[in-house]
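Here's the structure, in structure tokens; my notes come after.
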Amino acid sequence: MFFGRAILQDGHPLLMLIESCKTLRQAYQIHAQTVVNGLHIHLYSLSKIFSLFALFGCSESLDHSRLILSRTDVPNVFMWNTMIRAHSRQELHGKAVLLYPSMIAQARALPNHFTFTFVFSSCARLPTPVPGFQIYGHVIKRGLESDTIVMNAFIHFCCGFGDLHSAQKVFEESPVRDLVSFNTMISGLAQGRKPHAALSLFTVMTRSGLMPDHFTFVALSSACSGLNNYRLAKQIHNLVYMYFGFVDCGRSAHLVGSVMDMYLKCGEMEMAEKVFNTLENVKSAAALSCMVSGYARAGKVELARQIFDQVDEKDTVLWTAIISGYSQAGQYTEALSLYKEMEASGIKPDKITMVAVLSACAGLGALTFGQRVYNQCLKKRLYGQDVILITAIVDMYAKCGKIHAALEIFHGVPNYQRTTHLFNAVISGLAQHGHGKIAVLVFEEMEAAKVSPDEITFTGLLYACSHSGLVEEGRSLFKSISQMHGINPQMKHYCCMVDLFGRKGNLDEAYKFIQAMPFEANSVIWRSFLSSCKLYGDVEMGRIASTKLLEMEPDHGARYVLLSNILASTKQWEEAGKVRKVMEERGIQKPSGWSYIELLDGTIHQFPASNYKLHPQKEEIASKLGEVNGRLRAAGYAPSTVDVVFDVDEEEKEMIVSYHSERLALAFGLLNSGPGEVLRIMKNLRICSDCHLVFKLLSRAYKREIIVRDTTRFHHFKNGLCSCKDFW
DNA sequence: ATAGGGTTAG
């Protein structure tokens, strides 16, 4: 044996060997030697050997240390503490915390302040705060509550669960507060979105004579990053200069990165860029990800992409930042194709990546892709641990037309995980699907669960009411926004109300409502009012609305279209033609429509209006369209051309409507799907009334369920009827 | 004891 002799003479060389031990094999040899030499009887040597295994860093060594511990009659505090720390390091936080009761049940060794420090750091990572608070009871029993190290660990634990109240109480009652106490508390306030409290605590800290360090400023800049206050950001940056001079970026990359992120989150791109450039060649992965998401948030996806492309070793966070950037910019297809690239490059997505991908699927209405991602979440056991991920999945199902799947998942979510966001996603989903009454019921559930609604909740609810014709419910909900919930109704809420009254044909009430608003109605409100006027053929009111709109936005295409529609529908062709002409003269075009459909294999096929000639299956599509028209005639269909604004002859109008993009997508869908398969079509404009009728007829003629998502809502066509009950 | 990426509506 390579060290046998030395041990016989003295124990210390063995300890030196332990310190230089590099491989697990050597560790086993050393352990065997101590047994051979009888050294393992001495608790001191045994503890050393034990900690070598416990902290070695792999599960095999940890198992071995467990074995040693179980064979030790009276393990000392050091051994227990080491064991707790070892589990904590290997992310086995539940087991780490459970070691504490075994320790106090068995040992004569009393827990000391190290014990509590280690236990609290694991408690902070558990799904529930309960064990941590129980253990705090023991801290008090042992009289360790004034121990600064234990207190700091406990504050950290409380902040991790957002329990700032307990954290502050302990902090304030503590006799000795050191730099770490202040840093921990400031950082907790920052995480808990209490930036002002964080700032004032910083003042308290400096007044009490403590010198802030890098940790302090990292916490402070993250506190202020949500304030959107450029002057404050600059002040903090100045303080950093004041305390540390021009920071050495190599050593203070964390701090510099935090300051940069603060500027990014304030939208101060120029300052952020300046700071970014000072990082020169020590740009950390964190700094790069910050820049990518910062540019994306500022709407500069292309710049974000440039940074992303320059990074050689892209990690999960960076990939997620760019995917989410594209998704937020509405470039869903690009987001999904980047996700495929990420998978191909072998970087593992985590739950945040999944959220970004799911939100792209939702935006696109890509059900097959979305379901695949959901299954991956289940397989990787990502599902269930995170509320935002659940929200993203619920939203994906709702926006892909599967509102029942969305509800099923929602119902499986326990009350404590139900957040405002989650309720909002469900309520808006129900609204989009025209389930107004259920939306109101879910809202009641929300109130019962004491989850506070916000302005988005009410937007969804009022939207739901207006799409289901629930005038009374809408009226009382609107009143409750300010009276019961202390939220000032915003323009979008007024907009929903005008829509609600208008859709029901209460044009007078809608008009009065607009006049009684506390602020000037915007163009969206007038446009909504105008379209109700059109629906009910009220030319007089319509004129008022279009005059208003003309003042507000002379160049908006939709207004001309609506005005000429309203005139055309009452056969005032000449006037309608004039409007059309003005529109043409000013070079304003009606936005062009396009639709797309996803096949079961997950491929997405897009069709612009009147143009399928570029599609490889153009001939089949043409003949399918012919067949479809035949079926329609057999069902007694006469094309409705109310929505065609041109004053052309009937035959030509018929041509125009029969090539609407949703029809092309439908013909393609019928060609490429099995019998009985549901067809899901997405459209960038509202579905026209003629296509709506056609889809109803076709759902019966072909015995197919057809789901159309247009800009405002879902239409489920089944057996000759539509879920919107022709009210949209 | 530090830092980076995420959800709803419009």
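Looking across the stretch A:120-147 at every residue that is more than 11 Å from A:V97 (Cβ to Cβ) and part of a loop (DSSP other than H, G, I, E, B), the one that is most open to solvent (accessible area, probe 1.4 Å) is identified as A:P127. Only residues that are in a loop (DSSP other than H, G, I, E, B) and at pLDDT 85 or above: list them for the stretch A:582-615, please. Selection gives A:L599, A:L600, A:D601, A:G602, A:T603. Checked against the criterion of being farther than 26 Å from A:G94 by Cα and surrounded by 19 or more Cβ atoms within 10 Å (Cβ to Cβ), the candidates A:A153, A:A198 yield just one match: A:A198.
Residues are listed down the side, and each one gets a yes or a no for (1) in contact with a helix residue (DSSP H, G or I) (Cβ under 6 Å, 6 or more places away or on another chain); (2) hydroxyl-bearing (S, T, Y):
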position	(1), (2)
A:Y230	no, yes
A:K283	no, no
A:E302	no, no
A:I323	yes, no
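Can you find a residue in the stretch A:410-430 that is away from DNA strand B (no atom under 14 Å from the Cβ), hydrophobic (A, V, I, L, M, F, W, C), outside any loop (DSSP other than H, G, I, E, B) and open to solvent by less than 30 Å² (accessible area, probe 1.4 Å)? No: the stretch A:410-430 contains no residue that is away from DNA strand B (no atom under 14 Å from the Cβ), hydrophobic (A, V, I, L, M, F, W, C), outside any loop (DSSP other than H, G, I, E, B) and open to solvent by less than 30 Å² (accessible area, probe 1.4 Å).
Checking the stated criteria, A:F114 turns out not to satisfy the condition of being without any contact (Cβ under 8 Å) to a residue 40 or more places away in the chain, assigned to a helix (DSSP H, G or I) and open to solvent by less than 50 Å² (accessible area, probe 1.4 Å).
Out of (1) over 19 Å from A:S187 (Cα atoms); (2) open to solvent by 10 Å² or more (accessible area, probe 1.4 Å); (3) within 21 Å of the chain's Cα centre (by Cα); (4) within 13 Å of DNA strand B (Cβ to nearest atom), what's the single condition that is false for A:K300? The number of the failed condition is (4). When the residues of the stretch A:431-453 are filtered to those that are closer than 18 Å to A:K402 by Cβ and part of a helix (DSSP H, G or I), the one that is most open to solvent (accessible area, probe 1.4 Å) is A:I438. Entry remark, the stretch A:145-156: residues being more than 10 Å from DNA strand B (Cβ to nearest atom) and closer than 21 Å to A:P131 by Cβ number 5 in total. Of the candidates A:E313, A:E343, the single residue that is closer than 27 Å to A:A272 by Cβ and of a type in the set (D, E) is A:E313.
Within the stretch A:336-392, the set of residues being touching a residue at least 60 places away in the same chain (Cβ under 8 Å), open to solvent by less than 60 Å² (accessible area, probe 1.4 Å) and either away from DNA strand B (no atom under 12 Å from the Cβ) or at positive phi (or both) comprises A:G365, A:A366, A:L367, A:T368, A:F369.
As a summary of the residue check, A:D315 satisfies the conditions (1) near DNA strand B (Cβ under 6 Å from one of its atoms); (2) open to solvent by less than 10 Å² (accessible area, probe 1.4 Å); (3) farther than 26 Å from A:E598 by Cα except for the one numbered (2).
Against the list (1) at pLDDT 95 or above; (2) farther than 22 Å from A:T128 by Cα, the condition A:M185 fails is (2). If the condition is being free of Cβ contacts under 8 Å to residues at least 12 places away in the same chain and either open to solvent by less than 50 Å² (accessible area, probe 1.4 Å) or of a type in the set (D, E, K, R) (or both), then the stretch A:204-231 contributes A:T206, A:R207, A:R231.
Of the candidates A:I456, A:I481, the single residue that is out of contact with any Ser or Thr (no Cβ under 6 Å at 6 or more places or on another chain), within 12 Å of DNA strand B (Cβ to nearest atom), in a helix (DSSP H, G or I) and within 22 Å of A:M517 (Cα to Cα) is A:I456.
The values are calculated or read from the model by the stated rules, or taken from the named source; none is laboratory data. Worth saying up front: this structure is predicted, and the values here are computed from it rather than measured. Backbone-built Cβ (ideal geometry, glycine too); neighbour counts: all protein chains shown. Ligands, DNA and RNA are excluded from the accessible area calculation, which covers all protein heavy atoms including side chains. Shrake-Rupley method; radii C 1.70, N 1.55, O 1.52, S 1.80 Å.
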